[in-house]
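Each remark here refers to the structure printed beneath this line.
Every number in this text was worked out from the coordinates using simple rules, so none of it is lab data. Model, not experiment: these values are computed from the prediction. Glycine also receives a Cβ, built like all others from the backbone with ideal geometry; neighbour counts cover every protein chain displayed.
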Amino acid sequence: MGTIHRMNEHTNEDRRRFTRIQLMKGVTLYSGMEALSVQLLDLSLKGALLTCPDHKTPKPGDLFRLSIPLENSPAIIMNIEVVHSNSKTFGAEWTQIDMDSFASLKRTIELNIKEKENLRQDIKTLSE
């Protein structure tokens, strides 16, 4: 099974270009031996917006492992890096994702957007 690593640094402008879907779901963040329950607010092919864990505000540069459970399918698992945060939410980009998780991420977004061309453009942007 292959793994995809982040190849390019993207600016805030690039992050906004990715199609985002609202997906309110309980997910788990792993930091060392600690497992933190948070809510996923939205998802894109490049990253996610999440609620901050109780009594902890992630800072840009913090690294976590994110597990997004799916019904009737293995969870989407990715290593993420925090890119922005405030007292309630934080945004993160994946730094590493396995091929199966990437396929599930792509399929989840594909099933929740109307304009399929947007997803094709997102994939093109990732490869630039």
Report, in cubic angstrom per residue, the convex hull volume of the C-alpha atoms of the range 33-106.
-> 93 Å³
Step through the table entries K59/K106; K25/K59; K25/K56; K46/K114; K25/K88, compare each Cα-Cα distance with 24 Å, and write down the pairs that go over it.
-> K59/K106
Residues in the range 86-105, backbone N under 13 Å from the label point at I21 (7 Å along the Cα-to-beta-carbon vector): list them, ranges by number please.
-> 103-105
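List the trypsin sites (Lys or Arg not before Pro) within the range 19-95 that fall in a DSSP loop (any state other than H, G, I, E or B) and whose Cβ has at most 15 other Cβ atoms within 10 Å.
Those satisfying the criteria are K56, K88.
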Karplus-derived 3J(HN,Hα) from phi for the range 19-32 (6.51 cos²θ - 1.76 cosθ + 1.60, θ = phi - 60°), whole Hz, x at Gly and Pro, runs 5, 10, 10, 6, 8, 7, 7, x, 9, 10, 9, 10, 9, x
Per residue of the range 49-55, in order, report the coupling 6.51 cos²θ - 1.76 cosθ + 1.60 (Karplus, θ = phi - 60°) as ³J(HN,Hα) in whole Hz, putting x for Gly and Pro.
-> 10, 10, 7, 6, x, 4, 6
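Find how much the distance from E110 to D54 grows on full extension, using 0.36 nm per residue of separation minus their present alpha carbon separation; answer in nm with one decimal.
On the way: separation 56, 0.36 × 56 = 20.16 nm, distance 3.16 nm.
Gain on stretching E110 to D54: 17.0 nm.
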Estimated inter-spin distance, S67 and Y30, nm [label 7 Å along Cα→Cβ] = 0.6 nm
